[in-house]
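These notes concern the structure reproduced below.
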Amino acid sequence: MFAGKKALLLDMNSTFMFGEDRFGQSEDFSIYYENIGGTLSSSELTKIIYSVYGYLDERYLDEKYRHDFPSVEEAIVEVTERKLATVEIQKIIDTFSFHELGHIPREYVEALFKLRESFILSAVIDIWSPKKAWVDTFKTSGIDELFSASSFSSDHGMIKPSPKPFELVVNQLNLNNEECLVIGDSVRRDLGGAKTAGIDCILVGGAVDAQAVGCFPSLLDLCDEIC
């Protein structure tokens, strides 16, 4: 399954980042929001955050938004009943981003470094918020320079399983599809998008499908197989 492969196109959430999308009923969004100077009441903030999440979640499954997915800012404007100051909208975006962001365990950082010894690494990532918090996390974790190319959906509005984010990264790498291998945890988004783009895919995280060229319990197990 690795013969002739030069580059790995890695999914992020539940592939090497975990604990993301903390939008459950037990979350107190006001803690982060007030720490960055937000002035809305906790109840109003919570209503906006949940409304934004619902607005985006509904469209995330809708094929007609696959190449034009709305931004968090656009969602805020759509769901709020009153006009908010630009500075307040940015604080809501930052709060949403904080709760959307996960963490990268140390063992996965080490696995990425090992994989980089054998392959060019790139990333095909679906996120709803602007990418700054993720870029900063990559830098803090020391993995930012491991990736030779990347696609963050919030940069261009194209979300998986569209083949276009995969094609964008392959073009950045200046490689052929046959030289690349997608690694992800979603049958629908990672395998589906990779297949449409004509790229082989390995599933991790417990996902299994006969159309994948391989399935591993985790990226760590895949790394052990290769390294």
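Suppose we keep only residues that are acidic (Asp, Glu) and in a helix (DSSP H, G or I) within the stretch 70-82. Which one would you say is surrounded by the fewest Cβ atoms within 10 Å (Cβ to Cβ)?
Checking each candidate, the answer is Glu78.
A quick yes/no check of all residues on (1) modelled with pLDDT under 95; (2) part of a helix (DSSP H, G or I); (3) farther than 23 Å from Glu81 by Cα:
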{"residue": "Thr15", "(1), (2), (3)": "no, no, yes"}
{"residue": "Glu20", "(1), (2), (3)": "no, no, yes"}
{"residue": "Phe23", "(1), (2), (3)": "no, no, no"}
{"residue": "Asp28", "(1), (2), (3)": "no, no, no"}
{"residue": "Glu34", "(1), (2), (3)": "no, yes, no"}
{"residue": "Leu40", "(1), (2), (3)": "no, no, no"}
{"residue": "Glu44", "(1), (2), (3)": "no, yes, no"}
{"residue": "Ile49", "(1), (2), (3)": "no, yes, no"}
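For Ser41, work out the one condition from (1) among the small types (Gly, Ala, Ser); (2) within 18 Å of the chain's Cα centre (by Cα); (3) farther than 24 Å from Val124 by Cβ it doesn't fulfil.
Ser41 satisfies every listed condition except (2).
Looking at the stretch 183-194, is at least one residue of a type in the set (Val, Ile, Thr), out of contact with any Ser or Thr (no Cβ under 7 Å at 6 or more places or on another chain), without any contact (Cβ under 8 Å) to a residue 40 or more places away in the chain and closer than 19 Å to Asp68 by Cβ?
No, the stretch 183-194 contains no residue that is of a type in the set (Val, Ile, Thr), out of contact with any Ser or Thr (no Cβ under 7 Å at 6 or more places or on another chain), without any contact (Cβ under 8 Å) to a residue 40 or more places away in the chain and closer than 19 Å to Asp68 by Cβ.
Inspect all residues belonging to the stretch 4-11 and state whether any of them is of a type in the set (Asp, Glu), under 30 Å from Cys223 (Cα atoms) and either outside the structural domain of Gly193 (by TED's automatic domain parsing) or surrounded by 12 or more Cβ atoms within 10 Å (Cβ to Cβ) (or both).
For the stretch 4-11, residues of a type in the set (Asp, Glu), under 30 Å from Cys223 (Cα atoms) and either outside the structural domain of Gly193 (by TED's automatic domain parsing) or surrounded by 12 or more Cβ atoms within 10 Å (Cβ to Cβ) (or both): present.
What are the pairs with Cβ atoms under 6 angstrom where one residue, in the stretch 50-70, is free of Cβ contacts under 8 Å to residues at least 60 places away in the same chain and at negative phi and the other, located anywhere, is part of a helix (DSSP H, G or I) and aliphatic (A, V, I, L, M)? Sequence gap at least six, or different chains.
Cβ pairs passing all conditions: Ser51/Val79; Val52/Ala75; Val52/Ile76; Val52/Val79; Tyr55/Ala75; Tyr55/Val79.
Restrict the check to the stretch 183-193 and report whether at least one residue is farther than 23 Å from Phe113 by Cα and touching a Phe, Trp or Tyr at 6+ places or on another chain (Cβ under 6 Å).
Yes: the stretch 183-193 contains one or more residues that are farther than 23 Å from Phe113 by Cα and touching a Phe, Trp or Tyr at 6+ places or on another chain (Cβ under 6 Å).
The values are calculated or read from the model by the stated rules, or taken from the named source; none is laboratory data. Bear in mind that the values here come from a model prediction, so they are computed numbers and not experimental data. Positions of Cβ are backbone-derived with ideal geometry, glycine not excepted, and every protein chain shown enters the neighbour counts.
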